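Taking it in order: structure first as structure tokens, then the write-up.
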Amino acid sequence: MSKAAALAEQILARAGDAQQRFFVAIAGPPGSGKSTLSEALLRTLEATSPGRAALVPMDGYHYDNAVLEERGLMARKGAPETFNVDGLLADLARIVRGGKPVAVPVFDRGLDLSRASARIIAPEHRIVLVEGNYLLLDVDPWRALSSVFDMSVMVEANDEELRRRLVQRWLDHGLEPELARLRAEGNDLPNARMVLERSQAPDIRFDTECD
């Protein structure tokens with residue numbers, strides 16, 4: 001059994017058969033593999049309990065590029081201050097209340113923008129995976145998220161592996177090698193260190209290099 005499948009079993013065991021919603025934070029630095037893990041968990045949960053789980057990606061709450069340009073934050077896109085955390089909190093509160101479908105945004109990497117109302121969290125989705133870099137960040141306003149989560153996972157990788165993955169991500173977006181390195185070292189890696197150094201302790205630490 002893979003580590004992802006074992007983690008899915010832990011989530012199901014913790015969630016139990018109760019009808020109230022069960023929220024799982026899947027946090028980690030950029031490049032750690034949390035998005036890949038989240039999708040694997042969702043597939044496994046869907047195979048075991050069809051229609052029971054859904055995924056809310058934090059990246060959908062990126063401020064639009066026009067807002068970032070206006071605020072002088074475009075070069076810092078991906079840092080904590082470039083996300084609408086209040087919007088995320090409000091949507092999670094609506095999901096907690098249940099009873100009605102909640103539309104959430106999803107980030108389109110190809111278009112480099114968030115698509116509004118791109119995913120529906122339905123009342124029957126009892127297990128809600130929430131994935132993103134800063135979900136466990138122990139600074140305001142992010143720390144307010146912690147009251148929502150019933151279980152938390154921190155996805156980790158060592159600095160060398162994070163650097164390799166982050167540079168490769170920019171190369172895959174068509175950047176020249178030197179510019180890719182500068183983008184990774186100038187913004188992504190400082191964000192990664194913040195996640196690892198300033199996040200609340202998770203329930204589970206998950207190393208994607210060992211899966």
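The values are calculated or read from the model by the stated rules, or taken from the named source; none is laboratory data. Just so it is clear, the model here is predicted, and its values are computed rather than measured. Positions of Cβ are generated from backbone atoms using ideal geometry, with glycine treated the same way; all protein chains shown enter the neighbour counts.
Just a few scattered comments:
- Which listed residue is within 30 Å of PRO50 (Cα to Cα) and either out of contact with any Pro (no Cβ under 8 Å at 6 or more places or on another chain) or at pLDDT below 95 (or both), from SER146, SER199: SER146
- Subset of the stretch 151-172 (residues that are among the hydrophobic types (A, V, I, L, M, F, W, C) and assigned to a helix (DSSP H, G or I)): LEU162, LEU166, VAL167, TRP170, LEU171
- Filter pass, ALA6 being closer than 23 Å to VAL155 by Cα, touching an Asp or Glu at 6+ places or on another chain (Cβ under 7 Å) and not charged (D, E, K, R): no
- Here the condition is being in contact (Cβ under 8 Å) with a residue 12 or more places away in the chain and within 19 Å of ILE120 (Cα to Cα); of GLU46, GLU39, it holds for GLU39 alone.
- The stretch 102-143, residues that are among the hydroxyl-bearing types (Ser, Thr, Tyr) and at pLDDT below 95: SER114, SER117
- Residue check for VAL195: in a strand (DSSP E or B) and buried (at least 17 other Cβ atoms within 10 Å of the Cβ): no
- Matching entry among GLY87, GLY99 (being at pLDDT 95 or above, among the small types (Gly, Ala, Ser) and over 17 Å from GLY31 (Cα atoms)): GLY87
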